[in-house]
Amino acid sequence: ARDVKNHVLAHLDYYLERFEAQVTAAGGQVHWAADAEEARRIILGICRRVGAKTITKGKSMVSEEVGLNEALEAEGYQVIETDLGEYIIQLADEPPSHIIAPAIHKTRAQVAELFEAAHGGPRKTTVGELVTEARLVLRDKYFKADVGITGGNYLVAETGSSVIVTNEGNGDLTQTLPKAHIVLASIEKVVPTLEDASTILRVLARSATGQEISTYTTFSTGPRRTEDP
């Protein structure tokens, strides 16, 4: 996995151009952003073109780095974080405190208080009840969303695929239900082949959460084609 990463960094221009060509062939479009301001401007432009009002987001640390939510909300869009940890800190109006578990600093009681204030109704007391409440609230948001934004754990140059790794399934709902899916990723996420992606996947979950593999590993290659079910 280390050797693959070092190889990509030494030939980054080739693999990025190869990825762009394959995305285009699959019916997608790659936008290049030189800095955070340009990334925000590109994404705002896409949201305007599709007439978006509501935007769901899967967990994306790059979006935190470029200040995307603030820019979208300033333009009047409703932005909903769908990763449970990100949703909790969005309600608290706080930045993430951990790259994998963004709300790790919150207690169950604090989450219950946030949910009661945001959702109304009686305060829940158990983890199961709180998760169920979040699921029910977010389910409605998935169906209303016009645009879904996710990060990208890998960008596969061989196929033009973007890959997301999640444990909640929120990433799949975020990227498949809206009419437009935006992947926001940094350039070093590109890998040469599907086999290389598989190699690095063996390292990712074990290094992050101690799992052999995450619950959901989703490969997306272009928009839905007419012959797709």
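Observations on the model:
- When its C-alpha radius of gyration is set against 2.2 N^0.38 Å (N residues), the chain gives a value of 1.04.
- Sequentially through the stretch 208-224, phi angles give Karplus couplings (6.51, -1.76, 1.60; θ = phi - 60°) of 8, 10, x, 7, 5, 8, 6, 5, 10, 10, 10, 9, 10, 10, x, x, 4 Hz, Gly and Pro residues having no value and appearing as x.
- For Lys59, the aspartates and glutamates whose Cα comes closer than 16 Å to its Cα, not counting residues fewer than 8 places off in the same chain, are Glu70, Glu81, Asp83, Glu86, Asp93, Glu94, Glu168, Asp172.
- Global geometry of the stretch 9-55, whether rounded, prolate or oblate, following the gyration tensor of its Cα atoms and the 1.5 cut on a/c: oblate
- Total formal charge among the other residues, if their Cβ is under 14 angstrom from that of Gln211, Lys/Arg +1 and Asp/Glu -1: 0
- Extending 7 Å from Cα along the Cβ direction at Thr176 and again at Glu116 yields two label points whose distance is 3.7 nm.
- Residue ranges 157-165, 73-81 sort as 157-165, 73-81 when ordered by packing (mean number of other C-beta atoms within 10 Å per residue, highest first).
- Lys/Arg +1, Asp/Glu -1 at C-beta; the stretch 102-229 dipole; positive extreme among Val127, Phe143, Ala205: Val127
- Positive-pole candidate from Gly160, Gln175, Ala101, dipole of the stretch 98-229, charges at beta carbon: Ala101
- Estimated FRET transfer efficiency (Ala34, Glu129; beta-carbon r; R0 41 Å; 0.05): 0.35
- Mean-position separation - Cα centroids, the stretch 61-81 and the stretch 158-203, in angstrom: 20
- DSSP-defined beta bridges in the chain - what % are antiparallel, rounded to 5: 40
- Relative contact order (%) - the chain, alpha-carbon pairs under 8 angstrom, separation at least six: 26
- Theoretical gain in end-to-end length, Glu75 to Ala10 [0.36 nm per residue, Cα-Cα removed]: 19.5 nm
- Electrostatic tally near Lys53: other residues with Cβ closer than 15 Å to its Cβ, Lys and Arg +1, Asp and Glu -1, net +2.
- The stretch 83-143, dipole about Cα centre (Lys/Arg Cβ +1, Asp/Glu Cβ -1), debye to the nearest 20: 180
- Contact order, relative form, for the stretch 95-167: 14 percent (alpha carbon pairs under 8 Å, 6 or more residues apart, mean separation divided by residue count).
- Charge dipole of the stretch 9-55 about the Cα centre (unit charges at C-beta), most positive-ward option of Trp32, Phe19, Gly45: Gly45
- Neighbour net charge for Ile99 - beta-carbon separation under 13 angstrom, K R +1, D E -1: -3
- Ranked by the mean number of other Cβ atoms within 10 Å of their residues, highest first, the peptides 147-154, 133-140 come out as 147-154, 133-140.
- Residue pairs, from the table Lys124/Lys179; Lys106/Lys144; Lys141/Lys189; Lys5/Lys106, whose Cα atoms sit over 31 Å apart: Lys124/Lys179; Lys5/Lys106
- Two-site label geometry, Phe143 and His105: point separation in nm, points 7 Å out along Cα→Cβ: 3.6
- Dipole moment magnitude, nearest 20 debye, the chain about Cα centre, only Lys, Arg, Asp, Glu C-beta charged: 500
- In terms of the mean number of neighbouring beta-carbon atoms within 10 Å, the peptides 202-208, 37-43 order highest first as 37-43, 202-208.
- Contact order relative to length of the stretch 163-224, as percent, for alpha carbon pairs under 8 angstrom and 6 or more apart: 57
- Put a plus charge on the Cβ of each Lys and Arg, a minus charge on the Cβ of each Asp and Glu, and nothing anywhere else: the dipole of the stretch 17-72 about its Cα centre is then about 380 debye.
- Across all Cα atoms of the stretch 1-127, the radius of gyration (one decimal) and Dmax (whole number) stand at 18.6, 56 Å.
- What the Cα atoms of the stretch 66-166 give is an Rg and a Dmax of 15.3, 51 Å.
Any read-out appearing in this document is the output of simple, stated calculations on the displayed coordinates, not a laboratory observation. Keep in mind that this is a model prediction, so the values were computed, not measured. Note that we place each Cβ from the backbone using ideal geometry, even for glycine, and neighbour counts take in every protein chain shown.
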